[in-house]
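The values are calculated or read from the model by the stated rules, or taken from the named source; none is laboratory data. Only a predicted model underlies this, so the values are computations on that prediction, with no experimental measurement involved. Cβ atoms come from the backbone with ideal geometry, glycine included; neighbour counts cover every protein chain shown.
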Amino acid sequence: MEMNKETLDKMTQMRLQGMYYAFKTSLESLHKESMTIDQFVSWLIISEWDDRRNRNIQRAIRQACFRHKASVEEIDFSIERGLDRNQVQRLAELGFVAEHKDLFITGSTGTGKSYLASALGYQACLKGYKVLYANTSRLMGTLKAAKAKGTILTDLRKIERMDVLILDDFGLHPFDATSRMNLLDVIEDRYGKKSTVITSQIPVGDWHDMIGDKTVADAILDRVVHQAIRIELYGESLRKKKI
């Protein structure tokens with residue numbers, strides 16, 4: 001019918017994609033006939049709601065720039081590496097994000113630190129949180145370039161808005177004076193307000209020396225170490241086990 005075509009056209013123009021496909025489906029089946037008017041309207045609204053939510057989740061996942069396509073459900077607990085299933089399941093409930101707590105995941109290379117951090121970040125995206133994954137040295141390089149261009153405040157505000165910031169491979173490359181101050185700015189902006197997940201091959205006890213400057217290291221670690229949740233992984237590289 002002409003009226004139905006006009007309705008579909010208007011839904012398209014209004015970008016009501018979920019409602020469009022639901023209404024189009026109803027015209028091609030007997031689904032509409034089995035519902036009251038109230039049920040049909042509710043179905044259209046729910047279809048639009050679900051479609052928008054799914055698109056928002058997919059957008060959040062793309063913008064997070066994860067290194068791994070990871071999920072909590074696919075984490076392997078069969079290998080002995082200090083990973084507690086109950087702890088991971090509690091973390092996946094994201095209470096630590098709601099409470100603005102930080103999480104440290106340390107261990108030797110290949111023990112699954114980045115995958116675990118990404119899986120929790122992915123879970124946060126599914127729950128509607130804004131997440132950013134970043135290799136620490138690359139992020140520091142980006143901030144250094146932004147500082148030279150005079151745009152660093154914009155970059156810092158973007159990072160501050162993230163509900164979860166994942167700093168991967170923390171300390172893998174040495175910090176210079178500019179990177180130390182940029183890191184302090186990032187930590188200071190997020191302290192007590194947002195969650196930061198840090199993965200590192202270096203034990204937390206050695207971070208002070210790794211950061212390099214005593215005063216700056218004290219300022220950074222004082223804000224994150226004492227209230228953070230810690231996971232310490234051990235064992236051989238999982239990559240070797242797959243070969």
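Considering SER237, SER195, the condition of being of a type in the set (Gly, Ala, Ser) and touching a Ser or Thr at 6+ places or on another chain (Cβ under 8 Å) is satisfied by SER237 alone. Considering LYS149, LYS113, the condition of being within 14 Å of ILE166 (Cβ to Cβ) and of a type in the set (Lys, Arg) is satisfied by LYS113 alone.
Filter segment 92-137 down to residues that are basic (Lys, Arg) and more than 30 Å from ASP51 (Cβ to Cβ), then give me how many there are.
Count: 2.
Can you confirm whether segment 133-146 contains a residue that is surrounded by 16 or more Cβ atoms within 10 Å (Cβ to Cβ), aliphatic (A, V, I, L, M), part of a helix (DSSP H, G or I) and touching a strand residue (DSSP E or B) at 6+ places or on another chain (Cβ under 6 Å)? Checked against the condition, which is being surrounded by 16 or more Cβ atoms within 10 Å (Cβ to Cβ), aliphatic (A, V, I, L, M), part of a helix (DSSP H, G or I) and touching a strand residue (DSSP E or B) at 6+ places or on another chain (Cβ under 6 Å), segment 133-146 yields no hits at all.
Among residues of segment 75-90 being surrounded by 11 or more Cβ atoms within 10 Å (Cβ to Cβ) and outside any loop (DSSP other than H, G, I, E, B), the one that is farthest from the chain's Cα centre (by Cα) is GLN87.
For segment 18-68, the tally of residues that are over 28 Å from SER118 (Cβ atoms) and either in contact with a Cys (Cβ under 6 Å, 6 or more places away or on another chain) or small (Gly, Ala, Ser) (or both) stands at 7. Among residues of segment 200-218 that are free of Cβ contacts under 8 Å to residues at least 60 places away in the same chain, those with a Cβ under 6 angstrom from a residue that is among the small types (Gly, Ala, Ser) and buried (at least 16 other Cβ atoms within 10 Å of the Cβ), sequence gap 6+ or separate chain, pair up as HIS208/ALA217; MET210/GLY171; ILE211/ALA217. Of the residues making up segment 45-66, at least one is closer than 30 Å to ASP206 by Cβ, at pLDDT 90 or above and surrounded by 15 or more Cβ atoms within 10 Å (Cβ to Cβ).
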